[in-house]
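First the structure, in the form of structure tokens, and then the observations on it.
The values are calculated or read from the model by the stated rules, or taken from the named source; none is laboratory data. Note that this is a predicted model, so its numbers are computed, not measured. Cβ placement follows ideal geometry from the backbone for every residue including glycine, while neighbour counts extend to all protein chains displayed. In case anyone asks, the SASA skips ligands and DNA or RNA and just uses the protein heavy atoms, side chains included. Shrake-Rupley method; radii C 1.70, N 1.55, O 1.52, S 1.80 Å.
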Amino acid sequence: MKKLINSVDGVVTDALTGIAAAHPSLRVDLENKVVFRASGPRPGKVALVSGGGSGHEPLHGGFVGYGMLDAACPGEVFTSPVPDQIIEATKGSDGGAGVLHIVKNYTGDVLNFEMAAELCADEGVDVVSVLVNDDVAVQDSLYTAGRRGTGATLFVEKIAGALAETDAPLSEVARVAREVNDRSRSFGVALTACTVPAAGKPTFDLPESEIELGIGIHGEPGRTRTGLSEAREIVRVAMDAINDDLPLSGDVLVMVNGMGGTPLLELYIVYAEVAAYLAEKGATPVRNLVGNYVTSLDMQGFSVTTCALTDEFRALWDAPVETPGLRWGR
Amino acid sequence: MKKLINSVDGVVTDALTGIAAAHPSLRVDLENKVVFRASGPRPGKVALVSGGGSGHEPLHGGFVGYGMLDAACPGEVFTSPVPDQIIEATKGSDGGAGVLHIVKNYTGDVLNFEMAAELCADEGVDVVSVLVNDDVAVQDSLYTAGRRGTGATLFVEKIAGALAETDAPLSEVARVAREVNDRSRSFGVALTACTVPAAGKPTFDLPESEIELGIGIHGEPGRTRTGLSEAREIVRVAMDAINDDLPLSGDVLVMVNGMGGTPLLELYIVYAEVAAYLAEKGATPVRNLVGNYVTSLDMQGFSVTTCALTDEFRALWDAPVETPGLRWGR
Amino acid sequence: MDTSFFVAWMEEIATAVQAQRDHLTQLDAAIGDADHGSNLDRGFGEVRRALADSPPETPGAVLRLAGATLIRKVGGASGPLYGTAFRQMGRSLGDVSDISLAELSTALDAALAGVQKLGAAVEGDKTMVDALAPAVRALAKAVQDGVKAEDALSAVAAAAQEGAKATIPLQARKGRASYLGSRSAGHEDPGAASTALVLSALRTAGFRTW
Amino acid sequence: MDTSFFVAWMEEIATAVQAQRDHLTQLDAAIGDADHGSNLDRGFGEVRRALADSPPETPGAVLRLAGATLIRKVGGASGPLYGTAFRQMGRSLGDVSDISLAELSTALDAALAGVQKLGAAVEGDKTMVDALAPAVRALAKAVQDGVKAEDALSAVAAAAQEGAKATIPLQARKGRASYLGSRSAGHEDPGAASTALVLSALRTAGFRTW
Ligand SMILES: Nc1ncnc2c1ncn2[C@@H]1O[C@H](COP(=O)(O)OP(=O)(O)O)[C@@H](O)[C@H]1O
Ligand SMILES: Nc1ncnc2c1ncn2[C@@H]1O[C@H](COP(=O)(O)OP(=O)(O)O)[C@@H](O)[C@H]1O
Ligand SMILES: [Mg+2]
Ligand SMILES: [Mg+2]
Ligand SMILES: [Mg+2]
Ligand SMILES: [Mg+2]
């Protein structure tokens, strides 16, 4: 294993130390492992709290700041945070208007956030949870843990975050967050496995000419393994999966997300194919992101996330945001 | 070789197609392979043109836009652009106030930009060239091609670009660009080699427990090979090389740059060590960047670039910038 | 079974999990995200520390502290699930200072109920429940049959181990492995494997303290 | 040597470079950035196309078109350097339609001068100059000694090949390989290797057209 780390056990703390040093706009509680806005809670504003395993950077700590999250709690690598962290994040960011928990749909995330939410409610904090489950590679049935939350998390955080800045009430912020999730779909592809520091070797073996289709963001294998083909064909598989689930049309927000080890050069090649696919379906990518946003350590691969825009979403997407990972308008 | 591409020959054109589709603020001349601002030249404003081999994304195309470049010409992967491209970029962005060529010090870049500059001058365009050569791993002597231009290129483009927006004359923009270069130093480290698409396999073999010190940005081997150690120690080697060349003190702009395949999690761990090193030397990193900015395809590794800030630099650094790769203030 | 027995149990778990850490992580790599070994190793290491820092006075208190610590330190799916299991056991034992086999049986049943209430998994879903449920039945039967403690705990360990192995052919319907669909078959569930370790440690703790 | 000889030369270069493309790239991977083979293959492919599109009428025009095309299509260090070499040769040949060995010798000297003026490399710097310079000398000597064309071109090819091989032990002082310091020793310079191909093609073109 080749990694720029000091020790396997110190990975998350050392990275948080770096985040604290790099971003004066953030306050990092190293003991509880929570990333806050340095400005503290603003009375009357609904706070957005998210979190999950580490290894997905810039998600979530990189999305703390004006127009997005109020706090993020990073767990160990690929391990959801513990309730204590979430409680600290929730209480430390509550400005009296309540707190929205943005939870990716994984058993671990759901259980830990639920426990935290109950304990916060006991202490009088108004908490509403929104589940993100956009990954069309997983069937949402009795026979699975349900669809995973992946790229749409960023869309939910940005759009609901913008609404929260207007001092909208918790119920409204939660409604928009749920709507964004409902209108979003993702599909991911891996060219290589990633290496969890504590595991010391790649999570799975993937021969030189094979790829994994329908991966999540924890470096786990996907639904099926297939041969490596042209970017155009791989994109078609991903986009077909999305389009079969929620037909693409009208104005779309689309993200071509790198899994951490894929050069931007290749992500743009993927974006060109995504744009061509959308044009073929009569959909228009009026807003987009291309880059590393919701990663899986050093995995090579990409995911595509689409969101069927409404006028409300578009205005909120365009609203100013100032975080380490996403910034415009200020 | 595992890459998200359609064909080896089409890599640059396909990526430019994606850049054009993703960024309405840019106009991409696919035939000549030039990325322009969509808004076109602004009369009276000095234009900044840069370019180099592809494979370093977001450099340079991702830095075209308000406050930075007016045009970028990407060559083939790791191959400097040809004079024709540079000429198109220069003539197409000249607003009558002259054009600054920002050239990284590599034989190929220097020769091609020189040829282009001569031909542009013949046609009456006022061109001044600034050479970037910040890489302390290479000795600037008769026995080398001189120091390579690496991370400082971004600093030069940002700071000189901000000055150009104020309609400063070409001589002034060139002076600031040169000063930024003079006050900047870089050092790079590779954990793995990268794979040039046309070569089809990694440029060099690097055993599991070894790293390359003093690499450039073309995926070439470095000055020396050594054992993989803790991030703290690797950072010390890099920072010592910089500090020995230009002692670190006062207010510093610092970039921890990923080579393309390194997770942000690790870059933050590196940043924590860089910040600790600077504190030890009594220098203060008042501005910073952490992320993938000047990459080498899928290489794992990082580079550090420092710039001894002046008041002028700091104000220009803070000025608004709106490009795909760097954005704040608007 | 007194307080020292339950402390010994926790120590035996910590030792076993540490020794099997990489094995558990590799099981999780095959059908999950390669963190189960480090999750539990971190968790039971913290349990050991917590018990040393403020030694509880009753068996129930030992288990409640262990459960709370796991919830506070592990994260992931296994943190809340294991944490709940131990907390429910601890609650079931109350503040009695010497636990009978029958009381242990009731407590283990409470652990299973807690895990199932939280995670909604049934036997056959390829989770820790597949190791825990047969162990609960084995202990209940041993109590009913009046066998002696050593043999009862051996039966518990054997049942859990068998249950864990029996997850191999199954297709997962809960947890991360369910995302793999039919590809999850052919691999042992990491949580079932760790549950077998945890319950085998009960037997080892018996050897040590009796 | 008439126009068709020089067109044949360009074709032989294109064929040789295409065949040796991966080899040249691997030489460049060792001490450079792994693009020399694809750079030259792209360049001479374009030269072939340009010559087919608008066939020049004189030897000098062939070389000037080749040089301009290389400058326009290759990039990197080798584009301007090779482009200049051919352009200078073409200029030296003027518009004469049948070229003597002596005129070729003068032209090759002009190529070397052009490369050295542009790149400032001297012999021993581990660049294409190390293959080109001995070839220039070999041709001058052949002209002086009055040997026949075939043998003269064979001598040119041999000298270039020897020059290229002789770069192996050298430490680079120009171009990208110089960044490697002493690590550049022990590898053949890719540009010297390609220059040997280019000049060997001169001999092959002779075989083909004579
Ligand atoms: N709903 C559930 N009910 C019972 N056990 C579960 C459930 N979901 C997951 N598990 C158990 O948790 C184990 C995985 O734990 P771990 O790897 O630590 O967490 P994560 O899946 O969050 O990475 C699985 O092997 C399985 O036994
Ligand atoms: N200053 C120079 N003078 C002569 N030849 C040079 C010089 N610099 C580089 N070269 C030649 O160019 C070759 C490299 O060409 P190429 O790989 O195509 O370009 P780049 O180095 O820009 O990637 C070297 O092997 C060397 O022979
Ligand atoms: Mg996990
Ligand atoms: Mg090159
Ligand atoms: Mg796991
Ligand atoms: Mg090269």
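Taking every protein chain into account, the accessible area of region B:1-138 amounts to 28 square angstrom per residue (probe 1.4 Å). The accessible area of A:ARG185, taken with all protein chains in place and a 1.4 Å probe, comes to roughly 40 Å².
Residues of region A:288-330 buried by at least 50 Å² of accessible area upon assembly of all protein chains, compared with the chain on its own (1.4 Å probe): A:ARG327. Where only DSSP H runs of four or more residues are counted, chain B gives -10500 deg cm²/dmol as its mean residue ellipticity at 222 nm, each run worth -39500 (n - 2.57). Each other copy holds its own label point for D:LYS148; taking that point as 7 Å from Cα along Cα to Cβ, the gaps run 11.1 nm, nearest first. Only beta bridges with both residues in region B:184-309 are counted; by DSSP, about 70 percent of them are antiparallel.
Whole number in Å², please: accessible area per residue of region A:184-309, 1.4 Å probe, ligands, DNA and RNA not counted. Per residue, region A:184-309 has an accessible area of 28 Å². Just the protein heavy atoms count here, and of the accessible area of region B:184-309 at 1.4 Å, carbon and sulfur take up 47 percent. According to the square roots a ≥ b ≥ c of the eigenvalues of the Cα gyration tensor, what is the shape class of region D:95-151, taking rounded for a/c under 1.5, prolate for a/b larger than b/c otherwise, and oblate for the remainder? Oblate, because a/c is 1.5 or more while a/b does not exceed b/c.
Loop sites by DSSP among the GluC sites (Glu not before Pro) of chain B, restricted to those with at most 12 other Cβ atoms within 10 angstrom, leave B:209-330 as the longest stretch without any of them. Region B:181-208: which residues show an accessible-area loss of 30 Å² or more, assembly versus chain alone, 1.4 Å probe? Listed in order, they are B:LEU191, B:ALA198, B:ALA199, B:LYS201, B:THR203, B:GLU208.
For chain A, the antiparallel share of DSSP beta bridges with both residues in that region comes to about 55%. When the square roots of the Cα gyration tensor eigenvalues are ordered a ≥ b ≥ c, the ratio a/c for chain A is 1.5 or more and a/b does not exceed b/c, which makes its shape oblate. Relative contact order of chain A: 18 percent, from C-alpha pairs under 8 Å at least 6 residues apart in sequence. Comparing the full protein assembly with the isolated chain (1.4 Å probe, heavy atoms, ligands and nucleic acids excluded), the residues of region A:125-154 losing at least 10 square angstrom of accessible area are A:VAL138, A:LEU142, A:TYR143, A:THR144, A:ALA145, A:ARG148. Distances, shortest first, from the label point of C:ALA19 to those at the same position in the other copies read 6.6 nm; the point lies 7 Å along Cα to C-beta. Listed by chain and number, the aspartates and glutamates whose alpha-carbon sits under 14 Å from that of C:LYS126, ignoring those within fewer than 8 places in the same chain, are C:ASP28, C:GLU162, C:GLU188, C:ASP189. Using a cutoff of 8 angstrom between alpha carbon atoms and counting only pairs six or more residues apart, the relative contact order for region A:184-309 works out to 36 percent.
Within the accessible area of chain C, what % is carbon and sulfur when the probe is 1.4 Å and the other protein chains stay in place? With neighbouring chains kept in place, the figure for chain C is 52 percent. If you take the Cα centroid of region B:105-162 and the Cα centroid of region D:1-59, the two points sit 28 Å apart. When a/c is below 1.5 the answer is rounded, else prolate if a/b is larger than b/c, else oblate, so apply that to region B:259-330 with a ≥ b ≥ c taken from the square roots of the Cα gyration tensor eigenvalues. Cα axes put region B:259-330 in the oblate bin. The residues packed around D:LEU199, meaning those with a beta-carbon under 12 Å from its beta-carbon, carry a net charge of -1 if Lys and Arg are +1 and Asp and Glu are -1.
Once the dipole of chain D is set up with Lys and Arg at +1 and Asp and Glu at -1 on Cβ about the Cα centre, which of D:GLY94, D:ALA8, D:ILE31 lies farthest towards its positive end? The listed residue farthest towards the positive side: D:ILE31. A label point on B:GLY227, set 7 Å along the Cα-to-Cβ line, lies at 4.5 nm from each of its counterparts in the other copies, closest listed first. Take every Cα pair under 8 Å whose residues are at least 6 apart in sequence, average their separation, divide by the length of chain C, and the relative contact order is 23 percent. Using a probe of 1.4 Å, the accessible surface attributed to A:SER93 totals some 10 Å² when neighbouring protein chains are kept in position. Counting only DSSP beta bridges with both residues in the protein assembly as shown, the antiparallel share comes to about 55 percent. What sits nearest the axis between copies A and B, counting only chain A Cβ atoms, is the residue and whole-Å distance A:GLY261, 2. Among the listed pairs C:LYS73/C:LYS174; D:LYS73/D:LYS174; B:LYS3/B:LYS33; B:LYS104/D:LYS117; C:LYS73/C:LYS117; C:LYS73/C:LYS165, those whose Cα-Cα separation exceeds 24 Å are C:LYS73/C:LYS165.
Summing both sides, how much accessible area is buried between A and B? Use a 1.4 Å probe and give Å² to the nearest 100.
Answer for the A-B pair: about 4700 Å² buried.
The B and D chains share an interface that buries close to 2700 Å² of accessible area, total over both sides, probe 1.4 Å. Per residue, the accessible area of chain D comes to 37 Å², computed with a 1.4 Å probe over protein heavy atoms only.
Among residues other than D:ASP109 with Cβ under 13 Å from its Cβ, the summed charge is +3 (Lys and Arg +1, Asp and Glu -1).
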